[in-house]
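Structure first, then comments.
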Amino acid sequence: MKVGIVGLGLIGGSMAKSVKARTEHTVYGIDLDQETMTLARLCGAIDGRLDGETLPRCDLVLVALRPQAAIQWVRENGEKIAKTAILVDLCGVKRVVVEQLAPLAEGYGFAYIGGHPMAGKERGGFTASSEDLFVGASMILTPDQRTDMRLLETLQAFFLDVGFAKLTFSQPEEHDRIIAFTSQLAHIVSSAYVKSPEAQRRRGFSAGSFRDMTRVARLDEEMWTELFLDDADFLTKELGILIGHLEEYRQALEAGDEKRLCALLKEGRERKASAGGN
């Protein structure tokens with residue numbers, strides 16, 4: 001199979017490396033940064049450049065760009081994608097992307113499905129990418145009534161081959177609602193938490209808890225701004241819930257209410273236990 005990858009940052013670069021390390025597929029890649037293109041060729045992550053000549057040959061096209069850039073790329077290049085090909089976007093939000101890419105794909109005549117690999121690092125770019133980023137991770141796909149079962153079987157085989165442990169199927173709205181809590185809220189909390197003046201005076205006083213809370217504050221602010229705004233309705237709801245719970249802890253502390261504080265902590269521990277997993 002010939003695979004085209006648009007964008008060779010952390011996700012696209014890791015996808016290219018994973019495909020080359022674990023399969024016999026041919027990979028064509030493209031990135032605006034020429035140094036990234038050079039590195040990708042030198043390390044064997046891609047077999048060649050994804051362009052007007054190689055794009056029509058691709059059986060699978062993975063678009064690993066920010067939402068609006070992904071939409072724009074498909075709008076400009078859709079006519080070059082083979083009608084037998086499958087297009088999968090790898091964006092971190094789904095509603096805004098799917099609602100624009102689905103009709104574009106239908107108009108151009110190729111198959112499309114939204115996707116989101118549940119893997120990442122606090123550092124981005126091709127230099128941070130790795131062939132094992134997706135090992136054990138979940139790949140989310142958002143099929144609709146037009147999605148062919150054979151397409152899903154093809155994608156399942158492909159994503160499992162490159163290291164994913166399972167496929168998770170969702171609807172774009174459900175995806176965005178849940179991801180607002182599991183990913184986006186965590187990034188906002190981390191960013192806000194590290195703004196305390198004590199963060200600059202904590203040396204010798206911090207260990208695992210501080211590292212866990214601040215790890216994702218080292219983010220790409222432009223990318224996350226776009227993702228947050230694309231999911232602002234669900235994200236603001238989650239922020240409201242969190243702020244309400246934080247206020248409960250603050251009130252218990254101010255009142256010196258030992259019983260109430262202990263009950264809040266117990267409730268949190270039990271919620272974590274019932275949620276399971278990581």
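The values are calculated or read from the model by the stated rules, or taken from the named source; none is laboratory data. Because the structure is a prediction, the values reported are computed rather than measured. We place every Cβ from the backbone using ideal geometry, glycine too, and count neighbours over all the protein chains shown. For accessibility, only protein heavy atoms count, side chains too; no ligands or nucleic acids. Shrake-Rupley method; radii C 1.70, N 1.55, O 1.52, S 1.80 Å.
Here is how the numbers come out for the structure above:
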read-out: Residues of segment 12-67 classified as in contact with a helix residue (DSSP H, G or I) (Cβ under 7 Å, 6 or more places away or on another chain) and outside any strand (DSSP E or B), total; value: 19
read-out: Scan of segment 89-118 for residues that are among the β-branched types (Val, Ile, Thr), more than 13 Å from Asp144 (Cα to Cα) and not in a loop (DSSP other than H, G, I, E, B), ordered by number; value: Val96, Val97
read-out: Any pair with Cβ under 6 angstrom, 6 or more apart, that starts in segment 60-83 at a residue that is within 9 Å of Gly7 (Cβ to Cβ) and open to solvent by 10 Å² or more (accessible area, probe 1.4 Å) and ends at one that is part of a loop (DSSP other than H, G, I, E, B) and not hydroxyl-bearing (Ser, Thr, Tyr); value: Ala64/Gly7; Ala64/Leu90; Leu65/Gly7
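Residue-by-condition table, conditions (1) over 20 Å from Phe228 (Cβ atoms); (2) out of contact with any Phe, Trp or Tyr (no Cβ under 9 Å at 6 or more places or on another chain); (3) of a type in the set (D, E, K, R):
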position	(1), (2), (3)
Glu79	yes, no, yes
Leu90	no, yes, no
Lys94	no, yes, yes
Tyr112	yes, yes, no
His116	no, yes, no
Ala119	no, no, no
Glu122	no, yes, yes
Phe134	yes, no, no
